[in-house]
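The values are calculated or read from the model by the stated rules, or taken from the named source; none is laboratory data. Everything quoted here is computed from the prediction, not taken from an experiment. No Cβ is skipped: glycine too gets one built from the backbone with ideal geometry, and neighbour counts run over all protein chains shown.
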Amino acid sequence: MAGKKQTQLTVPLMIVAVLLIGGFVYWLNISTEAVRVAIAEEEQAAAAAAEGTEARAVSADDFAQEPAEYVGRLIRLEGLPVFNQMGPEAFTVLLPTDMIYLIHVEGGATVSPGGMASVTGTVEIMSDSVLDAWEARGALDPSQREEAGISETFFEVVEFNIATNAPPPGN
């Protein structure tokens, strides 16, 4: 008699198991669609950047109001006074709001305070891992790590030009 009860429950339990698995697969299908869209948007943004999309000129005044507004965008800033060298690959500029802003140049840049910087690149989010990586490869002077980490964002340079305020020849 016990064997007959087990046989009677086998078919309904199999049906319930198949329905549960089907429901789970359906739920997975629905919940992963949003992820595919987000990945596609990131891929499109990366493709646009790789195509050499033209940098948008932004005034130093507009940029100084909210640098985080430009995160991930390719922009060009001109006429920024150089404030300080912070290591072989980093220096700061003075924005019109009297805020000191960090500029990172992969591969290095030597600047002198008082020069005028014109930079093209992207604004990136600052994090401890970014600072750790810079410090590990010697891009940032370790004594200035705390100062560099104050800002929420930094400017990652693709192209730059520094004009020095040298006195005219003969003076």
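Can you tell me which residues in region 92-111 are in contact (Cβ under 8 Å) with a residue 12 or more places away in the chain and either in contact with a Cys (Cβ under 9 Å, 6 or more places away or on another chain) or farther than 17 Å from Q144 by Cα (or both)?
L95, P96, T97, E106, G107
Among the residues of region 150-169, is any part of a helix (DSSP H, G or I) and at pLDDT below 85? Give the derivation first.
Of region 150-169, the ones part of a helix (DSSP H, G or I) are none.
No.
Can you pull out the residues in region 76-126 that are more than 11 Å from I162 (Cα to Cα) and small (G, A, S)?
G87, A90, G107, G108, G121
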